[in-house]
Amino acid sequence: MKLSLSNLYKLMCCIYAIPITSSASERAFSSAGLLITAKRSALKPSKSNKILFIHDNFQLIKDVYLKSIK
């Protein structure tokens, strides 16, 4: 139980960190612009949000998962 809470705390600290620059938001808008195109205009906003969340957090989630199975 303590191990899983420790991992959750580390993940929370990474997610709720305050960015110093606007580069993170610029990357988010860039990713959204690449995802939402004329050919993909039928995507629902909820699906787009899920895809962008996975895209933006994939490396963090992967690192936390790999540390938890060691």
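Between Ser41 and Phe58, the contour length at 0.36 nm per residue exceeds the alpha carbon distance by 3.7 nm.
Highest mean packing comes first when the peptides 46-53, 33-40 are listed by Cβ atoms within 10 Å, giving 46-53, 33-40. Given (1) 22.8, 71; (2) 17.6, 48; (3) 15.2, 48 as candidate values of Rg and Dmax of the Cα atoms in Å, which corresponds to the one derived from the coordinates? Looking at Rg and Dmax of the Cα atoms in Å for this model, the match is (3).
Over the residues of the chain, the helix contribution to mean residue ellipticity at 222 nm works out to -24500 deg cm²/dmol, using -39500 (n - 2.57) for each DSSP H run of at least 4.
Since every read-out is calculated from the coordinates, none of them should be taken as a lab result. Note that the structure is a prediction, hence the values are computed from the model and not measured. Because the Cβ atoms are built from the backbone with ideal geometry, glycine has one as well, and the counts that use them run over all protein chains shown.
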